[in-house]
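S.K.: After the structure tokens below, expect a handful of questions from me.
The values are calculated or read from the model by the stated rules, or taken from the named source; none is laboratory data. The model shown is predicted, which means the values in this text are computed figures rather than measured ones. Positions of Cβ are backbone-derived with ideal geometry, glycine not excepted, and every protein chain shown enters the neighbour counts.
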Amino acid sequence: MKAVVLKKCCKAEDLQISEIPVPEVRSGWVLVKVYAAGLNHSEALLRMFEADNDYIATPIVPGIECVGEIADASDTHFHKGDKVIALMGGMGRSFNGSYQEYALLPAHHVFKVDTDLDWLSLAAIPETYYTAYGSLSECLMLRQGDILLVRGATSTVGQAAIQLAKAMGATVMAACRKETSFEKLQQIGADFCLIDDGHISEQPLPIKPNKILELVGPKTLRDSLLTVSHPGYVCSTGVLGNVYTVRDFDPIKYIPNGTFLTGFFSNFPTQQVIDDLFALIREAHIRPLYSRVFTLDEIVQAHTLLEKGGAGGKIILTLHS
């Protein structure tokens, strides 16, 4: 079968298609025929910076998510032909991931889905919409009537969060760096848009959010904590600002009184949460968003765009038609 095998850190143009054996099934694992896979920034970071570290099991097939069908269920509860998604749990880092036509994956990170979506639309969901939904439901405990500010709204997770939050009954404010993005954000559900100059807490906002999804990360986290109402909740999920930690973090002084700070880590999905997510998508008639589609043979072009940004949304890799 065709696969992309990463042996060490390299440039996007150095990626090549290899022919490797279809994996042999073993107990507790399932063989998935991969129809499509969403690409993620973490996979570009793996290729550029991480692959040479000891904690990456090189040579490795990258890819932290995929959608497809069960080709061999082994001794698990799945059945051949089940439509499934898979994400995280070590995919593409501890064991071979989704940049291959068939993937051998641990059953506990593979989830059966009830959906009529086509493969491309389905491929836009796993990591992106799960991250957005988990942040909103588990961390922010979003409820009807809440006023949510999405910071980093033009990102793939930001756009998904806008769609999901509207379906959950919230008023949604979207913060981004360019006014030219306002129209698109409003089309997918944002009620208000504002420019993120790094100091939203100093802006005269039309309404004050009681909950904030922080996708820019530590770079603007303090400002988000100062922006939210009291009581208010801030969930730090992304690191779009390329600042990964808060220096000399003193929680007593850093977090204002009456403000609650949490964070979402997407490594532990469950079937129940996946079922709830797909039920919301189905009942609210949400159209999963993606921007560009590439074949496996176009992996160089796909990773070049992934690294440089500018796709305007999720990049999808197709492996079977």
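S.K.: Being of a type in the set (Asp, Glu) and under 13 Å from the mean Cα position of the chain (by Cα), is that true of even one residue in the stretch 101-119? Spell out how you get there, then give the answer.
M.R.: As a first pass, look at the stretch 101-119 and keep what is of a type in the set (Asp, Glu): 101, 114, 116, 118.
Next, from what is left, pick out any that are under 13 Å from the mean Cα position of the chain (by Cα): none.
Within the stretch 101-119, not a single residue is of a type in the set (Asp, Glu) and under 13 Å from the mean Cα position of the chain (by Cα).
S.K.: Looking only at the stretch 10-35, which residues are closer than 20 Å to Asp297 by Cβ and touching a Cys at 6+ places or on another chain (Cβ under 7 Å)?
M.R.: Looking only at the stretch 10-35, we keep the residues that are closer than 20 Å to Asp297 by Cβ, and these are 10-22, 33-35.
The answer is Val34, and nothing else.
S.K.: Between a first residue in the stretch 227-238 that is among the aromatic types (Phe, Trp, Tyr) and a second residue that is crowded, with 24+ Cβ neighbours inside 10 Å, which pairs have beta carbons less than 6 Å apart while being 6 or more apart in sequence or on different chains?
M.R.: Close Cβ pairs satisfying both conditions: Tyr233/Leu140; Tyr233/Lys211.
S.K.: Going through Ile316, Ile286 one at a time, which residue ends up being part of a loop (DSSP other than H, G, I, E, B), in contact with a helix residue (DSSP H, G or I) (Cβ under 6 Å, 6 or more places away or on another chain), surrounded by 16 or more Cβ atoms within 10 Å (Cβ to Cβ) and modelled with pLDDT of 95 or more? Show your work before the answer.
M.R.: Details: Ile316 fails: part of a loop (DSSP other than H, G, I, E, B).
Only one candidate passes the filter, namely Ile286.
S.K.: For the stretch 98-149, how many residues are within 20 Å of Ser42 (Cα to Cα), touching a Pro at 6+ places or on another chain (Cβ under 6 Å) and among the hydrophobic types (A, V, I, L, M, F, W, C)?
M.R.: Looking only at that region, the number is 2.
S.K.: Hey, among Ala161, Ala153, which residue is touching a helix residue (DSSP H, G or I) at 6+ places or on another chain (Cβ under 6 Å), crowded, with 24+ Cβ neighbours inside 10 Å and within 16 Å of Tyr233 (Cβ to Cβ)?
M.R.: After ruling out the rest, the residue left standing is Ala161.
S.K.: Looking at the stretch 226-240, which of the residues that are in a loop (DSSP other than H, G, I, E, B) and within 16 Å of the chain's Cα centre (by Cα) is surrounded by the fewest Cβ atoms within 10 Å (Cβ to Cβ)?
M.R.: We begin by selecting, within the stretch 226-240, every residue in a loop (DSSP other than H, G, I, E, B); these are 228-231, 237-240.
Now narrow it down to the ones that are within 16 Å of the chain's Cα centre (by Cα): 237-240.
Values: Thr237: 27, Gly238: 21, Val239: 17, Leu240: 19.
The qualifying residue surrounded by the fewest Cβ atoms within 10 Å (Cβ to Cβ) is Val239.
S.K.: Does any residue of the stretch 243-260 turn out to be outside any loop (DSSP other than H, G, I, E, B) and either surrounded by 15 or more Cβ atoms within 10 Å (Cβ to Cβ) or within 18 Å of the chain's Cα centre (by Cα) (or both)?
M.R.: Applying the first criterion (outside any loop (DSSP other than H, G, I, E, B)) to the stretch 243-260 yields 251-254, 259-260.
Narrowing further to those that are either surrounded by 15 or more Cβ atoms within 10 Å (Cβ to Cβ) or within 18 Å of the chain's Cα centre (by Cα) (or both): 259-260.
Yes: the stretch 243-260 contains one or more residues that are outside any loop (DSSP other than H, G, I, E, B) and either surrounded by 15 or more Cβ atoms within 10 Å (Cβ to Cβ) or within 18 Å of the chain's Cα centre (by Cα) (or both).
S.K.: Another question, if that's okay. Would you point out the residue of the stretch 51-81, among those that are of a type in the set (Asp, Glu) and surrounded by 18 or more Cβ atoms within 10 Å (Cβ to Cβ), that is nearest to Val113 (Cα to Cα)?
M.R.: First, the residues of the stretch 51-81 that are of a type in the set (Asp, Glu): 52, 54, 65, 69, 72, 75.
Among the residues that remain, those that are also surrounded by 18 or more Cβ atoms within 10 Å (Cβ to Cβ) are: 65, 72.
Values: Glu65: 14, Asp72: 17 Å.
Of everything passing the filter in the stretch 51-81, Glu65 is nearest to Val113 (Cα to Cα).
S.K.: Also: Val84: within 25 Å of Gly309 (Cα to Cα) and at pLDDT 95 or above, yes or no?
M.R.: Working: within 25 Å of Gly309 (Cα to Cα): no; at pLDDT 95 or above: yes.
In short, no.
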